[in-house]
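Have a look at the structure below, then the notes.
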Amino acid sequence: MRPVTNTHDGDIPADHVYFPDEAAARLKMGKATLMKHVANGDVRVILVGLGKKRKHVRFAESDLRAFEDSRRCQFTPVRARPSSNTSSRSKVLDFEDLRRKLRGEQPSARKRGSGRRSRKG
């Protein structure tokens, strides 16, 4: 692997050319992710060589800067949901009670215990 160029240096000329692994390190992403951006058309490349099966690419500093600029977005904070102090106008429905009313049944008294009778023997 080639040594990675120091990216913290603000003096990188716009015509500087990177190998794919260097460009990925410069953008702080993996090489596979960078190549997916290339396939998607998000990053411009310089084609080198005449490979028919596999294209050999390089990345210009100016293209990497343009990619970074295109990916910038302004952070807009999400508004917090109102607290639970809000009042609701909805009713709580007892579906069992509604079902009994529809069937015309009377509410039965609930039995205590497990529902099994013990046998004395």
Worksheet entry | Segment His16-Leu50, length gained on full extension (0.36 nm per residue, minus Cα span) | 10.1 nm
Item to complete: Sort Thr76, Thr33 by accessible area with a 1.4 Å probe, largest first.
Response: Thr76, Thr33
Worksheet item: the range 20-75: which chymotrypsin sites (Phe, Trp or Tyr not before Pro) are DSSP loop and have at most 15 other beta-carbon atoms within 10 angstrom?
Response: Phe75
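The values are calculated or read from the model by the stated rules, or taken from the named source; none is laboratory data. Fair warning: this is a prediction, and the values are worked out from it, not measured in the lab. Neighbour counts run over all protein chains shown; Cβ positions are idealised from the backbone, glycine included. The accessibility values were calculated without ligands, DNA or RNA, using every heavy atom of the protein model including side chains. Shrake-Rupley method; radii C 1.70, N 1.55, O 1.52, S 1.80 Å.
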